[in-house]
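This report refers to the structure that appears directly beneath it.
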Amino acid sequence: MEMFDGGKMEHEIMEKSGRLSYATTAWESVKPGVFERQITYRFKHHISIFGGEVTCTQHKSPLENDEGWTVNELTVIRDVPFADYFHV
């Protein structure tokens, strides 16, 4: 889960994969055993010639056997024309 803790490792990986101004909030409990955080970033122009901004909401909950986590993500992409092609 180090990849999803909002630390240095996560930010370095995301910046190397084309995400600019990558920012996360801390995990907050939304109900017992379920946590949520927000993520924002912009695309580098090699991913989308128009740039584009992304806002994500991630939910983290423990697996049934308590030996790991499930992370679900809802992503909203803005300022990218419909016909533009990009890699996610």
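A few notes on this one:
- Potential lengthening between His45 and Glu64 on full extension [0.36 nm per residue; Cα-Cα distance subtracted]: 2.8 nm
- Calculated from backbone phi, Karplus (6.51, -1.76, 1.60) coupling profile of the stretch 8-16 in Hz, x at Gly/Pro: 4, 4, 4, 5, 5, 5, 5, 5, 5
- Extension gain (nm, one decimal) between Asp5 and Lys31, 0.36 nm per residue minus Cα-Cα: 7.5 nm
- The stretch 2-78: equivalent-ellipsoid semi-axes (sqrt of 5 x gyration tensor eigenvalues, Cα, Å): 26, 13, 10
- Within the same chain, lysines fewer than 8 places from Lys60 are excluded, and of the rest, those with a Cα less than 18 Å from its Cα are Lys31.
- By the beta-carbon count within 10 Å of each Cβ, the least crowded to most crowded order of Asp66, Asp79, fewest first, is Asp66, Asp79.
- Dipole magnitude for the stretch 2-78: computed about the Cα centre from +1 point charges on Lys and Arg Cβ and -1 point charges on Asp and Glu Cβ, it is near 480 debye.
All of the numbers you see were taken from the coordinates with simple rules; none came from a lab. These numbers were taken from a predicted model, which means no experiment stands behind them. Virtual Cβ from ideal backbone geometry, glycine too; neighbours counted across all protein chains shown.
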